[in-house]
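Asker: Can you read through this structure? Questions will come right after.
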Amino acid sequence: MASKFVRSATAIAAASALAFGGVSVASAAPAGSLGGLTGSLGGKKDLDVPQGDKIKLGNVGGPAWNVDVYKQVHGATTVAPGATVKTRVEIQGVKGDTRIDEVLEWMPKGFKLAKVERIKGGLIGDSVHELGQSEYAVKQTDDRTEVRVSWTEGLLIKKKPTVNTATPLLLDFTWKAPEKEGTYKNGAGVKVGAVVNNNKVFDNGAPIVVKKGAAPAGSGASGSLSGSLSGS
(Lines give C-alpha, C1' and ligand atoms only; values in the text may rest on other atoms or scores of the structure.)
Protein backbone atom coordinates (compact mmCIF):
# COMPACT_ATOMS: atom_id res chain seq x y z
CA MET A 1 0.00 0.00 0.00
CA ALA A 2 2.77 2.42 0.92
CA SER A 3 4.57 1.70 -2.36
CA LYS A 4 1.35 2.37 -4.32
CA PHE A 5 0.86 5.68 -2.48
CA VAL A 6 4.40 6.84 -3.27
CA ARG A 7 4.01 6.02 -6.96
CA SER A 8 0.71 7.92 -7.10
CA ALA A 9 2.06 10.95 -5.24
CA THR A 10 5.12 11.03 -7.48
CA ALA A 11 2.95 10.97 -10.59
CA ILE A 12 0.84 13.85 -9.28
CA ALA A 13 3.93 15.92 -8.44
CA ALA A 14 5.46 15.21 -11.85
CA ALA A 15 2.23 16.31 -13.56
CA SER A 16 2.29 19.54 -11.55
CA ALA A 17 5.85 20.16 -12.69
CA LEU A 18 4.78 19.85 -16.33
CA ALA A 19 1.90 22.27 -15.73
CA PHE A 20 4.19 24.94 -14.34
CA GLY A 21 6.63 24.50 -17.20
CA GLY A 22 9.53 26.57 -15.91
CA VAL A 23 10.85 24.08 -13.38
CA SER A 24 14.43 22.96 -13.85
CA VAL A 25 15.26 19.35 -14.66
CA ALA A 26 17.53 19.38 -11.62
CA SER A 27 14.39 19.57 -9.44
CA ALA A 28 13.11 16.17 -10.58
CA ALA A 29 13.19 13.39 -8.01
CA PRO A 30 14.53 9.87 -8.46
CA ALA A 31 11.81 7.27 -9.18
CA GLY A 32 9.88 6.37 -6.02
CA SER A 33 11.12 9.42 -4.06
CA LEU A 34 9.25 12.59 -3.11
CA GLY A 35 12.22 14.38 -1.56
CA GLY A 36 13.66 15.92 -4.72
CA LEU A 37 10.24 17.11 -5.91
CA THR A 38 9.21 18.90 -2.77
CA GLY A 39 12.64 20.24 -1.83
CA SER A 40 13.62 21.46 1.59
CA LEU A 41 11.01 23.65 3.26
CA GLY A 42 13.70 25.19 5.46
CA GLY A 43 15.91 26.31 2.56
CA LYS A 44 17.10 29.88 2.19
CA LYS A 45 14.70 31.83 -0.02
CA ASP A 46 16.79 34.80 -1.11
CA LEU A 47 20.38 35.89 -1.61
CA ASP A 48 22.12 38.12 0.93
CA VAL A 49 21.68 41.86 0.38
CA PRO A 50 24.97 43.57 -0.58
CA GLN A 51 25.95 46.68 1.38
CA GLY A 52 28.72 48.04 -0.85
CA ASP A 53 28.38 50.46 -3.76
CA LYS A 54 27.00 48.95 -6.98
CA ILE A 55 29.39 49.84 -9.77
CA LYS A 56 28.45 49.76 -13.43
CA LEU A 57 31.31 48.09 -15.27
CA GLY A 58 29.97 48.56 -18.80
CA ASN A 59 27.51 47.52 -21.51
CA VAL A 60 27.59 44.41 -23.68
CA GLY A 61 25.55 43.65 -26.78
CA GLY A 62 24.25 45.19 -29.96
CA PRO A 63 21.33 47.41 -31.01
CA ALA A 64 18.68 44.69 -30.60
CA TRP A 65 19.87 42.91 -27.42
CA ASN A 66 22.17 44.35 -24.78
CA VAL A 67 22.83 44.37 -21.04
CA ASP A 68 24.62 46.39 -18.39
CA VAL A 69 27.15 44.63 -16.14
CA TYR A 70 27.37 45.62 -12.47
CA LYS A 71 29.62 44.44 -9.65
CA GLN A 72 29.15 44.95 -5.93
CA VAL A 73 30.94 43.94 -2.74
CA HIS A 74 28.69 42.72 0.06
CA GLY A 75 30.30 44.98 2.66
CA ALA A 76 33.65 46.62 3.43
CA THR A 77 36.25 46.54 0.68
CA THR A 78 39.12 46.48 3.21
CA VAL A 79 39.55 43.06 4.77
CA ALA A 80 42.07 41.11 6.85
CA PRO A 81 44.35 38.51 5.25
CA GLY A 82 42.46 35.25 4.81
CA ALA A 83 39.06 36.89 5.40
CA THR A 84 35.89 36.06 3.50
CA VAL A 85 35.13 38.34 0.55
CA LYS A 86 31.72 38.12 -1.09
CA THR A 87 30.94 39.82 -4.39
CA ARG A 88 27.88 40.08 -6.61
CA VAL A 89 27.77 40.24 -10.38
CA GLU A 90 24.49 41.57 -11.76
CA ILE A 91 23.51 41.37 -15.42
CA GLN A 92 20.73 43.88 -16.06
CA GLY A 93 18.75 43.75 -19.29
CA VAL A 94 18.64 47.04 -21.20
CA LYS A 95 17.07 46.14 -24.54
CA GLY A 96 15.22 42.99 -25.58
CA ASP A 97 15.08 39.58 -23.92
CA THR A 98 18.80 38.94 -23.99
CA ARG A 99 20.19 35.41 -23.70
CA ILE A 100 23.04 34.98 -21.22
CA ASP A 101 25.55 32.48 -22.57
CA GLU A 102 28.21 32.94 -19.88
CA VAL A 103 29.00 35.16 -16.89
CA LEU A 104 32.62 35.73 -15.90
CA GLU A 105 33.89 36.90 -12.52
CA TRP A 106 37.59 37.44 -11.93
CA MET A 107 39.74 38.16 -8.91
CA PRO A 108 43.52 38.49 -8.68
CA LYS A 109 45.70 35.44 -8.24
CA GLY A 110 45.76 34.42 -4.56
CA PHE A 111 42.00 34.69 -3.99
CA LYS A 112 40.45 31.23 -3.57
CA LEU A 113 36.87 30.54 -4.64
CA ALA A 114 34.62 28.94 -2.01
CA LYS A 115 31.21 28.90 -3.71
CA VAL A 116 28.90 30.45 -6.30
CA GLU A 117 25.20 31.05 -5.60
CA ARG A 118 22.13 32.07 -7.58
CA ILE A 119 18.35 32.00 -7.23
CA LYS A 120 16.70 28.91 -8.72
CA GLY A 121 13.01 28.25 -9.26
CA GLY A 122 11.29 25.11 -7.98
CA LEU A 123 7.89 23.61 -7.26
CA ILE A 124 7.63 25.38 -3.92
CA GLY A 125 9.04 28.71 -5.11
CA ASP A 126 12.46 30.27 -5.58
CA SER A 127 15.38 29.47 -3.31
CA VAL A 128 19.14 29.98 -3.09
CA HIS A 129 21.06 27.41 -5.09
CA GLU A 130 24.77 26.70 -4.68
CA LEU A 131 26.10 25.92 -8.12
CA GLY A 132 27.62 22.54 -8.81
CA GLN A 133 30.93 22.19 -10.57
CA SER A 134 29.18 21.36 -13.86
CA GLU A 135 27.76 24.91 -13.85
CA TYR A 136 31.06 26.79 -13.62
CA ALA A 137 34.76 26.46 -14.42
CA VAL A 138 37.74 27.99 -12.62
CA LYS A 139 40.76 29.00 -14.68
CA GLN A 140 44.08 30.27 -13.36
CA THR A 141 46.07 32.72 -15.48
CA ASP A 142 49.34 34.48 -14.73
CA ASP A 143 47.75 37.20 -12.63
CA ARG A 144 44.10 36.30 -12.03
CA THR A 145 41.55 33.62 -11.17
CA GLU A 146 38.62 33.51 -13.60
CA VAL A 147 35.27 31.86 -12.86
CA ARG A 148 33.10 31.19 -15.92
CA VAL A 149 29.46 30.39 -15.11
CA SER A 150 26.85 28.96 -17.49
CA TRP A 151 23.80 26.72 -17.21
CA THR A 152 20.60 25.71 -18.96
CA GLU A 153 17.15 25.47 -17.40
CA GLY A 154 13.69 24.16 -18.24
CA LEU A 155 11.92 20.84 -17.74
CA LEU A 156 11.20 19.79 -21.32
CA ILE A 157 13.22 22.23 -23.43
CA LYS A 158 16.50 23.27 -21.86
CA LYS A 159 17.70 26.76 -22.68
CA LYS A 160 20.04 29.46 -21.45
CA PRO A 161 18.66 32.05 -18.99
CA THR A 162 17.51 35.42 -20.33
CA VAL A 163 17.30 38.91 -18.83
CA ASN A 164 15.28 42.02 -19.61
CA THR A 165 14.58 45.36 -17.97
CA ALA A 166 12.35 43.73 -15.34
CA THR A 167 14.37 40.57 -14.64
CA PRO A 168 18.14 40.78 -14.02
CA LEU A 169 20.48 37.86 -13.35
CA LEU A 170 22.31 37.81 -10.00
CA LEU A 171 25.33 35.71 -9.04
CA ASP A 172 27.10 35.79 -5.67
CA PHE A 173 30.73 34.65 -5.39
CA THR A 174 32.36 33.86 -2.04
CA TRP A 175 36.15 34.03 -1.90
CA LYS A 176 38.94 33.69 0.63
CA ALA A 177 41.32 36.66 0.51
CA PRO A 178 45.07 36.04 0.14
CA GLU A 179 47.48 36.38 3.05
CA LYS A 180 49.57 38.95 1.18
CA GLU A 181 48.62 42.56 1.90
CA GLY A 182 47.87 44.85 -1.01
CA THR A 183 45.26 46.53 -3.18
CA TYR A 184 43.66 44.14 -5.64
CA LYS A 185 41.86 45.08 -8.85
CA ASN A 186 39.02 42.86 -10.03
CA GLY A 187 36.20 42.76 -12.52
CA ALA A 188 33.55 40.79 -14.38
CA GLY A 189 32.11 40.23 -17.81
CA VAL A 190 29.44 38.48 -19.82
CA LYS A 191 28.83 36.74 -23.13
CA VAL A 192 25.34 37.35 -24.53
CA GLY A 193 23.20 36.20 -27.45
CA ALA A 194 23.79 39.20 -29.67
CA VAL A 195 25.26 39.43 -33.17
CA VAL A 196 27.78 42.17 -32.42
CA ASN A 197 29.73 43.27 -29.34
CA ASN A 198 28.56 40.10 -27.57
CA ASN A 199 31.48 39.34 -25.24
CA LYS A 200 33.33 41.73 -22.92
CA VAL A 201 35.35 41.51 -19.71
CA PHE A 202 35.84 44.58 -17.51
CA ASP A 203 38.47 45.41 -14.88
CA ASN A 204 36.90 48.36 -13.05
CA GLY A 205 35.33 46.66 -10.01
CA ALA A 206 35.84 48.27 -6.59
CA PRO A 207 39.41 47.40 -5.49
CA ILE A 208 39.73 44.99 -2.56
CA VAL A 209 42.31 46.08 0.04
CA VAL A 210 43.88 43.31 2.12
CA LYS A 211 45.33 44.80 5.29
CA LYS A 212 46.32 43.42 8.66
CA GLY A 213 44.03 44.64 11.43
CA ALA A 214 41.01 45.00 9.13
CA ALA A 215 37.68 43.31 9.85
CA PRO A 216 38.35 39.60 10.34
CA ALA A 217 34.82 38.72 9.18
CA GLY A 218 35.60 40.07 5.73
CA SER A 219 33.30 42.07 3.51
CA GLY A 220 29.95 41.34 5.06
CA ALA A 221 29.68 37.80 3.76
CA SER A 222 27.44 35.53 5.73
CA GLY A 223 27.98 31.85 6.29
CA SER A 224 31.27 30.00 6.46
CA LEU A 225 33.90 28.76 4.08
CA SER A 226 33.16 25.15 4.94
CA GLY A 227 33.96 22.62 2.28
CA SER A 228 36.89 22.53 -0.08
CA LEU A 229 38.13 25.72 -1.70
CA SER A 230 38.66 25.62 -5.43
CA GLY A 231 42.31 25.57 -6.27
CA SER A 232 43.45 24.84 -2.72
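The values are calculated or read from the model by the stated rules, or taken from the named source; none is laboratory data. The structure presented is a predicted model; accordingly, all values stated were derived computationally and were not measured. Because the Cβ atoms are built from the backbone with ideal geometry, glycine has one as well, and the counts that use them run over all protein chains shown. For the accessible areas, the whole protein counts, side chains as well, though only heavy atoms, and no ligand, DNA or RNA atoms are used. Shrake-Rupley method; radii C 1.70, N 1.55, O 1.52, S 1.80 Å.
Asker: How far apart, in nanometres, would the label points at SER134 and ILE119 be if each is projected 7 angstrom from Cα along the Cα-to-Cβ direction?
Answerer: Distance between the two pseudo-spin positions: 2.5 nm.
Asker: Continuing with the same structure: Rounded to the nearest 10 Å², what accessible area does SER134 have for a 1.4 Å probe in the complete protein model?
Answerer: Around 110 Å² of this residue is reachable by solvent.
Asker: Once amide H atoms are placed 1.01 Å from N in the peptide plane, what residues at a sequence separation of 5 or more from ASP101, or on another chain, have their amide H within under 5 Å of its amide H?
Answerer: Those lying under 5 Å, H to H, from ASP101 are LYS191, VAL192, GLY193.
Asker: From the phi angles alone, apply the Karplus equation (6.51, -1.76, 1.60; θ = phi - 60°) to the stretch 46-62 and give each ³J(HN,Hα) in whole Hz, x where the residue is Gly or Pro.
Answerer: Whole-Hz 3J(HN,Hα) from phi for the stretch 46-62: 8, 6, 4, 8, x, 10, x, 5, 8, 10, 7, 7, x, 10, 10, x, x.
Asker: Write out the trypsin sites (Lys or Arg not before Pro) in the stretch 63-158 meeting two conditions: DSSP loop, and at most 11 other Cβ atoms within 10 Å of their Cβ.
Answerer: Here the trypsin sites (Lys or Arg not before Pro) that fit, given the DSSP loop and packing criteria, are LYS158.
Asker: With the cut-off at 21 Å, report for the stretch 42-141 the share of all Cα pairs above it, as a whole percent.
Answerer: 47
Asker: Using each residue's phi in the stretch 113-120, evaluate 6.51 cos²θ - 1.76 cosθ + 1.60 at θ = phi - 60° and report the 3J(HN,Hα) Karplus result to the nearest Hz, with x for Gly and Pro.
Answerer: With the stated coefficients, the stretch 113-120 comes to 6, 9, 6, 10, 10, 8, 8, 10 Hz.
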